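S.K.: Dropping a structure here in structure tokens format, bear with me for questions.
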Amino acid sequence: MDKKIKWGILSTGHIAGKFADALVLLPGAELAAVASRDMDSAKKFAEKYQIPKAYARYQELADDPDIDVVYIGTPHAFHLENSVMCMRKGKAVLCEKAFAINADEAREMVRVAKEENVFLMEAMITRHIPLIKKVLAWISESLIGEVRMVKASRCARGEFSLGGRHLNPALGGGSLLDVGIYVISFASMIFGKSPVESIGLSHIGDWGSDEQGVAILKYDKGEIADLSFALRTVAVNDAYIFGTEGYIKVHDVFAVPTKASLFINKQEKEVIEEPLIGNALNYEAKEVMRCLKEGLKESPLMPLEESIQIMEIMDHIRKPWGLVYPNDHGI
Ligand SMILES: NC(=O)c1ccc[n+]([C@@H]2O[C@H](COP(=O)([O-])OP(=O)(O)OC[C@H]3O[C@@H](n4cnc5c(N)ncnc54)[C@H](OP(=O)(O)O)[C@@H]3O)[C@@H](O)[C@H]2O)c1
């Protein structure tokens, strides 16, 4: 029988719990340790998910020789520090989105991964959803002709506290890094290249972070992505891919991605309905384990160079907004 892959979870927040739920669905995964900044929190989390080891310092998880791969679920402002710490101890790392605060940090993470010869991936869930793989197949079969435009929106209205991570600039808060990254990454996946021009507008709220914004990206053959993102606005979470012969709508793709429709001559020609298994974080964890088993140091579904390019786009469009995060030297 194959040896199980031993996971450690770094942090005990909202998404860390969801990730623990997701691992249960993967027979090849063993959730072996959790680390928090607080022992009570680590113990509670360990009890809830029946994890044998609980640590009160992140460093202890990085030092644990039994752990193969660490899932980083801290706010974006700590992704560089936390992932470098784990990679320096030879751990593979799956790091939540936004991969980092800025492109410099992302480059440093990738540099360390290569230096230590360890696996590293940004946890961009959309890339691993089975429905998305079918949508990409429609595109590669040229069912909508040549792809010319992408229109996508990732918006939600949350009730956030100032101390919480979502809108707190000290923790990398704001709509661009939190949810804008989904739509930018989606456009990057569809066009498979970096834009040649990019601009963005945002509204900076009372707490000094961007509460909502738009980005327009233009590519070398005139393709355009029209993207919106918000944390305090109720809006849709759909994506459209417009081509020369037709278009695709991916319904609720950034919330519950289970349905896509193909339109030719304005008529719905085909619909895919693909229910999610679990909370969907299991798909990205599965991809990490596939890569580790095959000895890959990065996933072809979310290449490291692309994670850097996405951070570069975000750096560029937010520069005129005057939004500055910690470690934002040179932005
Ligand atoms: N893929 C997805 O669908 C998805 C969904 C939500 C969030 N995320 C990403 O996951 C990351 C965490 O988001 P979340 O919603 O889980 O946040 P959260 O509930 O606030 O949890 C973050 C955790 O990070 C740890 N942490 C370390 N230093 C911290 C600090 N100075 N302030 C606050 N927390 C600190 C804490 O764990 P300890 O107290 O245990 O140390 C905290 O519980 C973000 O980068 C976010 O973008 C991804």
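S.K.: Take I264 and tell me if it is touching a residue at least 60 places away in the same chain (Cβ under 8 Å) and either more than 25 Å from L177 (Cα to Cα) or over 22 Å from the mean Cα position of the chain (by Cα) (or both). First the steps, then the outcome.
M.R.: Values: touching a residue at least 60 places away in the same chain (Cβ under 8 Å): yes; either more than 25 Å from L177 (Cα to Cα) or over 22 Å from the mean Cα position of the chain (by Cα) (or both): yes.
Judged against the criteria, I264 is a match.
S.K.: Any residue at all in the stretch 81-88 that is over 16 Å from N327 (Cα atoms) and touching a residue at least 60 places away in the same chain (Cβ under 8 Å)? Reasoning before the result, please.
M.R.: Just the residues of the stretch 81-88 that are over 16 Å from N327 (Cα atoms), to begin with: 85-88.
Now restrict to residues that are touching a residue at least 60 places away in the same chain (Cβ under 8 Å): 86.
Yes: the stretch 81-88 contains one or more residues that are over 16 Å from N327 (Cα atoms) and touching a residue at least 60 places away in the same chain (Cβ under 8 Å).
S.K.: Out of curiosity, is P326 surrounded by fewer than 16 Cβ atoms within 10 Å (Cβ to Cβ), part of a loop (DSSP other than H, G, I, E, B) and touching a residue at least 24 places away in the same chain (Cβ under 8 Å)?
M.R.: Working: surrounded by fewer than 16 Cβ atoms within 10 Å (Cβ to Cβ): yes; part of a loop (DSSP other than H, G, I, E, B): yes; touching a residue at least 24 places away in the same chain (Cβ under 8 Å): yes.
So P326 fits the description; yes.
S.K.: Where residues in the stretch 287-313 are closer than 15 Å to L80 by Cβ and not small (G, A, S), which of them is surrounded by the most Cβ atoms within 10 Å (Cβ to Cβ)?
M.R.: M311
S.K.: Sticking with this structure for a sec: For the stretch 30-59, how many residues meet the condition of being open to solvent by 10 Å² or more (accessible area, probe 1.4 Å), away from the ligand (no atom under 14 Å from the Cβ) and closer than 14 Å to Y71 by Cβ?
M.R.: Result for the stretch 30-59: 2.
S.K.: Take the residues of the stretch 71-90 that are open to solvent by 10 Å² or more (accessible area, probe 1.4 Å) and more than 13 Å from the ligand (Cβ to nearest atom): which is nearest to N168 (Cα to Cα)?
M.R.: Looking at residues that are open to solvent by 10 Å² or more (accessible area, probe 1.4 Å) and more than 13 Å from the ligand (Cβ to nearest atom), I get V84.
S.K.: Provide a single number: the residues in the stretch 110-149 that are in a loop (DSSP other than H, G, I, E, B), open to solvent by 10 Å² or more (accessible area, probe 1.4 Å) and outside the structural domain of L80 (by TED's automatic domain parsing).
M.R.: Matching residues across the stretch 110-149 total 5.
S.K.: Please state which one of P27, P65 is surrounded by fewer than 23 Cβ atoms within 10 Å (Cβ to Cβ) and within 21 Å of Y283 (Cβ to Cβ).
M.R.: Numbers: P65 fails: within 21 Å of Y283 (Cβ to Cβ).
Just a single option satisfies the conditions, and that option is P27.
S.K.: Kindly evaluate L201 against the criterion of being away from the ligand (no atom under 16 Å from the Cβ) and open to solvent by 10 Å² or more (accessible area, probe 1.4 Å). Lay out the reasoning, then the answer.
M.R.: Numbers: away from the ligand (no atom under 16 Å from the Cβ): yes; open to solvent by 10 Å² or more (accessible area, probe 1.4 Å): yes.
Answer is yes for this residue.
S.K.: Given the residues G192, G174, which is the only one that is within 19 Å of the chain's Cα centre (by Cα), at positive phi and surrounded by fewer than 22 Cβ atoms within 10 Å (Cβ to Cβ)?
M.R.: Working: G174 fails: surrounded by fewer than 22 Cβ atoms within 10 Å (Cβ to Cβ).
Selected residue: G192, the only one of G192, G174 that is within 19 Å of the chain's Cα centre (by Cα), at positive phi and surrounded by fewer than 22 Cβ atoms within 10 Å (Cβ to Cβ).
S.K.: State which residue is nearest to the ligand (Cβ to nearest atom) when the search covers only the stretch 138-190 and only residues that are of a type in the set (K, R) and touching a Gly at 6+ places or on another chain (Cβ under 8 Å).
M.R.: Of all residues in the stretch 138-190, those of a type in the set (K, R) come to 148, 151, 154, 157, 165.
If we keep only those that are touching a Gly at 6+ places or on another chain (Cβ under 8 Å) as well, we get 148, 154, 165.
Numbers: R148: 29, R154: 11, R165: 4 Å.
Here the answer is R165.
S.K.: Looking at the stretch 276-288, I want the residues that are of a type in the set (S, T, N, Q) and have a partner that is assigned to a loop (DSSP other than H, G, I, E, B) with Cβ atoms under 8 Å, at least 6 apart or on another chain. Which pairs are those?
M.R.: N282/L25; N282/L26
The values are calculated or read from the model by the stated rules, or taken from the named source; none is laboratory data. Values in this document were obtained by computation on a predicted structure and should not be read as measured data. Positions of Cβ are backbone-derived with ideal geometry, glycine not excepted, and every protein chain shown enters the neighbour counts. The area values use the complete protein model at the heavy-atom level, side chains included, leaving out ligands, DNA and RNA. Shrake-Rupley method; radii C 1.70, N 1.55, O 1.52, S 1.80 Å.
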